[in-house]
1. Suppose we filter the stretch 45-83 for residues that are within 20 Å of residue 152 (Cβ to Cβ), in a loop (DSSP other than H, G, I, E, B) and at pLDDT below 95; how many remain?
2. Looking at the structure I just gave you, is residue 125 in contact (Cβ under 8 Å) with a residue 60 or more places away in the chain and within 15 Å of the chain's Cα centre (by Cα)?
3. Among the candidates 222, 233, single out the residue that is closer than 23 Å to residue 26 by Cα, in contact with a helix residue (DSSP H, G or I) (Cβ under 7 Å, 6 or more places away or on another chain) and surrounded by 13 or more Cβ atoms within 10 Å (Cβ to Cβ).
4. Could you check, for the stretch 175-184, whether at least one of its residues is outside any strand (DSSP E or B) and either at pLDDT 90 or above or farther than 19 Å from residue 21 by Cα (or both)?
5. Report, by residue number, each residue of the stretch 200-221 that is within 23 Å of residue 36 (Cα to Cα) and part of a loop (DSSP other than H, G, I, E, B).
């Protein structure tokens, strides 16, 4: 269980889970993407394309220069899996405003191919407040569709009809003295926060104070990304990180 791999059932049974948000039916995928069958819409959050090159340029940390290619190919696979007619990226798609300019020609071509024959919407985030026109698609601050609002940064408080990213939710599970920490979806039927989709993105523990401002004392559900599937986890089993990021430092998500 700690490896989050099923032992007695088909892996296909665990690759996704049905999630309802304000009566709308979605499919949460083990990749971290969210699919809305009724609209043929695929939603992803926090791709952070060109994070590796940004870190190298600023001499912050040496990361392998393959994050953009890996993220784009993962995205292409999930687009094909659901035959998505539209893609909505919920902000921080590029690690900074110059991210698209740093992309290789091959990676730009992959992006262009994915955009062919489907609608593509970039929602701006705190990392990519501006997006280069060459990136294609539409650029929005937020998107409202069928009564649901899709935005980058979730609003604080008892908000409903919202799907967002930004916080890079991650859950830590402890059983029989062993722990595992993975990205996750977290929601309460009225709002949902998506895990970061990017290859080199960190995560913020959902027991952090930042999430209390979203769900308060109300119950919430958690779906953890595993090696071979997506698994619902009882919140009572979750544990905080030893060093909590509740002092206002959210660098763990960057």
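1. 2
2. Values: in contact (Cβ under 8 Å) with a residue 60 or more places away in the chain: yes; within 15 Å of the chain's Cα centre (by Cα): yes.
When the stated conditions are applied, residue 125 passes them.
3. Details: 233 fails: in contact with a helix residue (DSSP H, G or I) (Cβ under 7 Å, 6 or more places away or on another chain).
Going through 222, 233 in turn, the sole match is 222.
4. First, the residues of the stretch 175-184 that are outside any strand (DSSP E or B): 176-177.
Those left that are additionally either at pLDDT 90 or above or farther than 19 Å from residue 21 by Cα (or both): 176-177.
Yes: the stretch 175-184 contains one or more residues that are outside any strand (DSSP E or B) and either at pLDDT 90 or above or farther than 19 Å from residue 21 by Cα (or both).
5. The one that is within 23 Å of residue 36 (Cα to Cα) and part of a loop (DSSP other than H, G, I, E, B): 220.
For every residue, the table says whether it meets (1) surrounded by fewer than 21 Cβ atoms within 10 Å (Cβ to Cβ); (2) at pLDDT 95 or above; (3) not in a strand (DSSP E or B).
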{"site": "121", "(1), (2), (3)": "yes, yes, no"}
{"site": "153", "(1), (2), (3)": "yes, yes, yes"}
{"site": "159", "(1), (2), (3)": "yes, no, yes"}
{"site": "163", "(1), (2), (3)": "no, yes, no"}
{"site": "166", "(1), (2), (3)": "no, yes, yes"}
{"site": "170", "(1), (2), (3)": "no, yes, no"}
{"site": "173", "(1), (2), (3)": "no, no, no"}
{"site": "192", "(1), (2), (3)": "no, yes, no"}
{"site": "196", "(1), (2), (3)": "no, yes, yes"}
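The values are calculated or read from the model by the stated rules, or taken from the named source; none is laboratory data. Just so it is clear, the structure is predicted and the values come from calculations on it, not from any experiment. Cβ sites come from the backbone with ideal geometry, for glycine too, and all protein chains shown count toward neighbours.
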